[in-house]
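Working notes, structure below.
The values are calculated or read from the model by the stated rules, or taken from the named source; none is laboratory data. Treat the numbers as computed from the prediction; the structure is a model and nothing was measured. Ideal geometry is used to build each Cβ from the backbone, glycine not excepted, and the neighbour counts take in all protein chains shown.
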Amino acid sequence: MSRLEDLARLRRVRDRIDREYARPLDVEALARGAHMSAGHLSREFRRAYGESPYSYLMTRRIERAMALLRRGDLSVTEVCFAVGCSSLGTFSTRFTELVGMPPSTYRHSEARATLGIPPCVAKLVTRPVRNREAPAIGPRLA
């Protein structure tokens, strides 16, 4: 298989994650859909995008969770399940790693901070940091 064919398959995997982030997805299912082994998919995805397929999926889920939490009408548990996570503990841990604060804190502080900002701008300004780079105490939106 050529490198270009691999890249095309990896793009399709990434697009599937973007579309189906709220569904139960695992590396084995993604690999089957791309006609690759799970190990090969993981290695090549990381080489192409700088993170594992699972990490990319969790980042997508956290991005969507941030938008839902900013709305303020759902509980953290409801948001957790709405974005496809099956464990509140895993969701909260990953959210804190990427965003720098627990989802409950984010829900209370950021819902007010983005009032009046168009959703497309709020999404850019509040985008989570990948690969565990969130500062422990980061800048806040005014």
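For (1) touching a Phe, Trp or Tyr at 6+ places or on another chain (Cβ under 9 Å); (2) among the acidic types (Asp, Glu); (3) farther than 25 Å from VAL121 by Cβ, each residue gets a yes or a no:
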{"site": "ARG9", "(1), (2), (3)": "no, no, yes"}
{"site": "ARG12", "(1), (2), (3)": "no, no, yes"}
{"site": "TYR21", "(1), (2), (3)": "no, no, no"}
{"site": "VAL27", "(1), (2), (3)": "yes, no, yes"}
{"site": "GLU63", "(1), (2), (3)": "yes, yes, no"}
- Could you tell me whether ARG132 is at pLDDT below 60 and closer than 15 Å to ILE62 by Cβ? yes
- Please find, within segment 42-68, the residue that is surrounded by the fewest Cβ atoms within 10 Å (Cβ to Cβ) out of those that are within 18 Å of SER86 (Cβ to Cβ) and among the aliphatic types (A, V, I, L, M). LEU68
- Item | Number of the condition not met by LEU74 [criteria: (1) surrounded by 14 or more Cβ atoms within 10 Å (Cβ to Cβ); (2) at pLDDT below 90; (3) more than 13 Å from ARG61 (Cα to Cα)] | (2)
- Item | Output for segment 11-41, where each listed residue is of a type outside the set (Ser, Thr, Tyr), under 19 Å from ARG61 (Cα atoms) and surrounded by 15 or more Cβ atoms within 10 Å (Cβ to Cβ) | VAL13, ARG14, ARG16, ILE17, GLU20, LEU25, VAL27, LEU30
- Item | Out of HIS40, HIS35, sole residue that is on the phi > 0 side of the Ramachandran plot, of a type outside the set (D, E, K, R) and not assigned by TED's automatic domain parsing to the domain that holds GLU78 | HIS35
- Task: Please state which one of PHE81, PHE91 is over 30 Å from ASP6 (Cα atoms) and either crowded, with 18+ Cβ neighbours inside 10 Å or modelled with pLDDT under 95 (or both).
- Result: PHE91
- Residues that are assigned to a loop (DSSP other than H, G, I, E, B) and within 21 Å of ASP26 (Cβ to Cβ), drawn from segment 58-102: VAL83, GLY84, CYS85, SER86, SER87
- Note on the structure: Every listed condition ((1) basic (Lys, Arg); (2) farther than 27 Å from PRO119 by Cα; (3) in contact with a helix residue (DSSP H, G or I) (Cβ under 9 Å, 6 or more places away or on another chain)) holds for ARG70 save (2)
